[in-house]
Protein chains: 2
Amino acid sequence: MITKSLEKKLGERTFRPENPPVILGSASAVGKKEGEGPLGADFDIRNDDSFFGEDTWEKAESQIQSLALGRAVEKAELSLSDMDFVFAGDLLNQCAGSTFGLRDANIPFFGVYGACSTMSETLCFGAMAIDGGFAERVACITSSHYCSAERQFRMPLEYGGQRTPTSQWTVTGAGAVILGRGGAKNANGLPKITHFTSAKIIDAGIKDANNMGAAMAPAAYDTLSAHFRDTGRSPDYYDLILTGDLGRLGHDILVDFFAKDSIKLNNYNDCGLMIYDVEGQDVHAGGSGCGCSATVLCGHILRKMNTGELRRVLFAATGAMMSTTSSQQGESIPSICYAVAIEV
Amino acid sequence: MITKSLEKKLGERTFRPENPPVILGSASAVGKKEGEGPLGADFDIRNDDSFFGEDTWEKAESQIQSLALGRAVEKAELSLSDMDFVFAGDLLNQCAGSTFGLRDANIPFFGVYGACSTMSETLCFGAMAIDGGFAERVACITSSHYCSAERQFRMPLEYGGQRTPTSQWTVTGAGAVILGRGGAKNANGLPKITHFTSAKIIDAGIKDANNMGAAMAPAAYDTLSAHFRDTGRSPDYYDLILTGDLGRLGHDILVDFFAKDSIKLNNYNDCGLMIYDVEGQDVHAGGSGCGCSATVLCGHILRKMNTGELRRVLFAATGAMMSTTSSQQGESIPSICYAVAIEV
């Protein structure tokens with residue numbers, strides 16, 4: 001009966017919602033180090049207490065998700081009960097940051113796992129749910145916490161381990177985006193999701209879990225290339241192309257990859273290089289974690305889009321999908337990248 | 001501009017795709033114990049080697065996802081490259097079973113986390129992507145493995161720990177469903193997803209990680225009640241109402257909950273009670289794990305739907321969203337349940 005082709009699909013992997021979902025509001029909550037960084041003033045909630053009033057770092061991470069969601073809903077002049085769904089995930093085992101953080105929100109919940117690509121993955125889901133006619137308003141949210149991540153993925157903090165030069169600093173922070181249907185009240189002039197490009201799992205054989213930038217750069221290259229190919233847009237179409245947390249090394253690898261295709265990424269930056277003063281704050285290769293791209297998007301970028309300073313942004317958060325077990329078993333690091341075009 | 005209401009939404013949390021996505025194929029792969037159980041003959045792939053030819057249990061789990069996907073695509077008379085997306089998740093930390101299992105499939109990938117509810121969660125995503133106009137065909141897949149789950153969540157197998165009477169046995173198995181658009185070739189007479197009901201996080205305060213049936217039953221009750229309320233259907237409408245892995249205790253709690261509402265669940269069963277001979281195979285309260293509901297659905301139920309023996313099934317996989325860390329920190333177990341109505 002239904003024989004119409006997928007008119008929302010462009011090329012191989014890019015999708016163009018019929019009625020681009022609108023970003024009705026967004027908010028970010030961060031810790032001390034992020035608040036002291038170059039974007040500090042842009043974050044909605046800053047707390048110098050790494051426990052955020054809780055008694056464990058994991059509960060603190062849940063708390064910042066809850067804070068970011070509450071503030072985002074408030075900024076959108078909505079309430080939690082207006083949300084049809086929340087799409088959420090994080091780095092903690094079994095995505096516990098999200099489940100416990102959103103347990104009391106009473107919003108139909110979809111758990112998602114895309115490692116540090118989670119912010120853009122949830123935006124893809126949100127766009128599909130809204131443009132597909134299943135939701136009027138959804139929340140997309142993710143978080144990370146330096147202390148819970150170090151404990152889980154690396155060393156107990158108390159051990160005081162040395163970090164390698166290619167290692168990155170997991171951002172303590174959460175970002176939440178409230179998406180609504182194209183025709184929503186006061187939607188004029190607000191940023192919209194006009195396209196998204198899905199992710200393939202790319203594994204370039206990198207095995208060093210302290211060099212995630214190198215592991216993730218090939219995934220970013222794969223997805224961004226697909227996006228440009230599918231849409232026919234050149235990188236210069238965008239005021240800003242933004243990867244999630246490639247850090248210094250991954251950033252340079254990505255630039256090199258495109259240089260081999262004779263493509264110059266003029267307006268390109270990486271959230272991991274923006275959120276900290278990379279030299280001054282001693283974060284080695286830059287920031288990382290789900291909260292890195294989430295807080296930079298929700299705190300800094302969307303603020304600039306709302307004032308008109310940025311009009312076309314390609315947000316491509318990246319994820320390294322290893323676990324401590326897979327690394328201990330000698331596996332390489334499969335990586336992933338979802339790209340979301342946000343335009344005013 | 002867009003002011004039409006959500007005509008796909010029924011009541012509070014249930015959705016009715018405009019063109020019900022069709023189950024074009026499905027397959028299951030299981031281990032020795034499952035092959036010896038009462039449904040053994042229904043599974044597509046059985047292997048007595050708990051390593052499935054790999055050198056670790058985690059790699060074995062990835063391998064069974066890959067096997068189930070390959071067979072499901074084959075049964076649907078399609079190839080991997082026909083899939084627009086794969087939605088996948090599992091219980092391993094960072095969902096490594098899925099990432100590594102699907103790394104070579106070269107299908108655009110969305111990682112999902114719903115603990116043991118993952119099979120029904122991925123079907124919700126698949127239905128939204130297809131009916132929303134974003135995909136023609138998708139794969140939905142999940143897995144679990146007794147040995148990888150025991151090692152990660154409980155004790156090293158070598159320790160030989162005693163299991164409590166309320167504990168359940170994690171299924172070694174994977175299930176994969178291939179969904180296609182309503183108008184797909186040869187779709188007549190195939191099972192379709194006619195409705196799905198989204199999940200809220202329900203936490204009844206249970207803290208015993210060896211009693212997940214009790215933790216999850218309230219979530220099943222919440223979602224099934226919403227489904228009946230939203231659709232106006234009584235439980236008797238369905239030939240079979242199927243929860244994921246409540247086990248003996250959770251099954252009885254759910255029946256009790258509905259009895260308090262003066263509702264009798266006549267055609268109700270739980271995958272965790274079906275997959276094993278609960279007494280004879282010494283599995284205590286029954287089977288569990290993402291693979292439990294996935295293999296019972298893909299191996300047993302859909303087979304019966306394809307022969308017309310079952311025509312209306314409400315598939316409600318349940319998930320317990322704790323982590324070892326949250327349990328060690330004294331937290332209770334938030335639970336979740338997505339219900340999917342499958343009808344011929």
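Scanning the stretch B:305-326 for residues that are more than 10 Å from chain A (Cβ to nearest Cβ) and surrounded by fewer than 18 Cβ atoms within 10 Å (Cβ to Cβ) yields B:Asn306, B:Thr307, B:Gly308, B:Glu309, B:Arg311. Only one of the listed residues (B:Glu150, B:Glu158) is surrounded by fewer than 21 Cβ atoms within 10 Å (Cβ to Cβ), acidic (Asp, Glu) and farther than 26 Å from B:Pro38 by Cβ. That residue is B:Glu158.
Is at least one residue of the stretch A:173-188 assigned to a helix (DSSP H, G or I) and either surrounded by fewer than 24 Cβ atoms within 10 Å (Cβ to Cβ) or in contact with a Pro (Cβ under 6 Å, 6 or more places away or on another chain) (or both)? The answer is no; no qualifying residue exists. Of the numbered conditions (1) buried (at least 24 other Cβ atoms within 10 Å of the Cβ); (2) within 14 Å of A:Thr172 (Cβ to Cβ), A:Ser120 satisfies every one except a single condition; which is it? Of everything listed in (1) buried (at least 24 other Cβ atoms within 10 Å of the Cβ); (2) within 14 Å of A:Thr172 (Cβ to Cβ), A:Ser120 misses just condition (2).
Picking from residues in the stretch A:233-270 that are under 18 Å from A:Thr295 (Cβ atoms) and charged (D, E, K, R), the one that is nearest to the chain's Cα centre (by Cα) is A:Asp245. The strands (runs of 3 or more DSSP E) located wholly in the stretch B:1-113 that include 2 or more residues which are more than 7 Å from chain A (Cβ to nearest Cβ) occupy B:22-30, B:85-90.
Look through the stretch A:99-140, keep the residues that are polar (S, T, N, Q) and under 16 Å from the mean Cα position of the chain (by Cα), and return whichever of them is farthest from B:Ser198 (Cα to Cα). It comes out as A:Ser117. Scanning the stretch B:203-210 turns up at least one residue that is at pLDDT 95 or above and touching a Gly at 6+ places or on another chain (Cβ under 9 Å).
Could you say which residue among A:Lys8, A:Lys59 is among the basic types (Lys, Arg) and farther than 16 Å from A:Gly97 by Cβ? So the residue among A:Lys8, A:Lys59 that is among the basic types (Lys, Arg) and farther than 16 Å from A:Gly97 by Cβ is A:Lys8.
Out of A:Lys59, A:Lys32, A:Lys75, A:Lys9, one residue alone is among the basic types (Lys, Arg) and not assigned by TED's automatic domain parsing to the domain that holds A:Ala115. It is A:Lys9. Just so you know, in the stretch A:159-206 the residues that are among the charged types (D, E, K, R) and more than 25 Å from A:Ser288 (Cβ to Cβ) include one that is farthest from the other protein chains (Cβ to nearest Cβ), and it is A:Lys192.
Residue-wise test of (1) surrounded by 24 or more Cβ atoms within 10 Å (Cβ to Cβ); (2) aliphatic (A, V, I, L, M); (3) in contact with a Ser or Thr (Cβ under 8 Å, 6 or more places away or on another chain).
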residue	(1), (2), (3)
B:Asp208	no, no, yes
B:Phe228	no, no, yes
B:Leu246	yes, yes, yes
B:Gly250	yes, no, yes
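Filtered by the rule that a residue be within 22 Å of A:Glu343 (Cα to Cα) and in contact with a Gly (Cβ under 6 Å, 6 or more places away or on another chain), the stretch A:230-271 gives A:Asp230, A:Asp245, A:Cys271. Residues in the stretch A:26-65 that are crowded, with 24+ Cβ neighbours inside 10 Å, of a type outside the set (Phe, Trp, Tyr) and within 28 Å of A:Lys192 (Cβ to Cβ): A:Ser26, A:Ala27, A:Ser28, A:Ala29, A:Val30, A:Glu34, A:Ile64, A:Gln65. Scanning the stretch B:173-192 for residues that are out of contact with any strand residue (DSSP E or B) (no Cβ under 6 Å at 6 or more places or on another chain) and closer than 18 Å to B:Thr243 by Cα yields no hits at all.
Criterion first (more than 30 Å from B:Ala76 (Cβ to Cβ), at pLDDT 95 or above, within 14 Å of chain A (Cβ to nearest Cβ) and touching a Lys or Arg at 6+ places or on another chain (Cβ under 8 Å)) does B:Gln329 satisfy it? Yes; evaluated as a whole, the condition is true for this residue. Test A:Asp282 against the stated conditions and say whether it is within 14 Å of the chain's Cα centre (by Cα), assigned by TED's automatic domain parsing to the domain that holds A:Thr318 and more than 23 Å from A:Ala88 (Cβ to Cβ). No, not satisfied. Scanning the stretch A:114-134 for residues that are within 19 Å of B:Pro20 (Cβ to Cβ) and in contact with a strand residue (DSSP E or B) (Cβ under 7 Å, 6 or more places away or on another chain) returns A:Ala129, A:Phe134.
If the condition is being within 23 Å of B:Phe100 (Cβ to Cβ) and modelled with pLDDT of 95 or more, then the stretch B:154-170 contributes only B:Thr170.
Residues that are among the basic types (Lys, Arg) and without any contact (Cβ under 8 Å) to a residue 60 or more places away in the chain occur in the stretch A:178-190; there is at least one. One residue is enough: does the stretch B:114-134 have a residue meeting the conditions under 19 Å from A:Ser323 (Cβ atoms), modelled with pLDDT of 95 or more and at the interface with chain A (Cβ under 8 Å from one of its Cβ atoms)? Within the stretch B:114-134, one or more residues are under 19 Å from A:Ser323 (Cβ atoms), modelled with pLDDT of 95 or more and at the interface with chain A (Cβ under 8 Å from one of its Cβ atoms). Between a residue in the stretch B:138-167 that is outside the structural domain of B:Leu91 (by TED's automatic domain parsing) and under 27 Å from B:Val73 (Cα atoms) and any residue that is of a type in the set (Lys, Arg) and crowded, with 16+ Cβ neighbours inside 10 Å, which pairs come within a Cβ distance under 8 Å, given they are 6 or more apart or on different chains? As it stands, the answer is none, since no pair meets every condition given.
Suppose we filter A:Met305, A:Met321 for residues that are assigned by TED's automatic domain parsing to the domain that holds A:Pro218 and touching a helix residue (DSSP H, G or I) at 6+ places or on another chain (Cβ under 9 Å); which single one remains? Checking each option against the conditions leaves just A:Met321.
The values are calculated or read from the model by the stated rules, or taken from the named source; none is laboratory data. Source: prediction; values computed, not measured. Quick reminder, even Gly has a Cβ in these numbers, built from the backbone with ideal geometry, and neighbours come from all protein chains shown.
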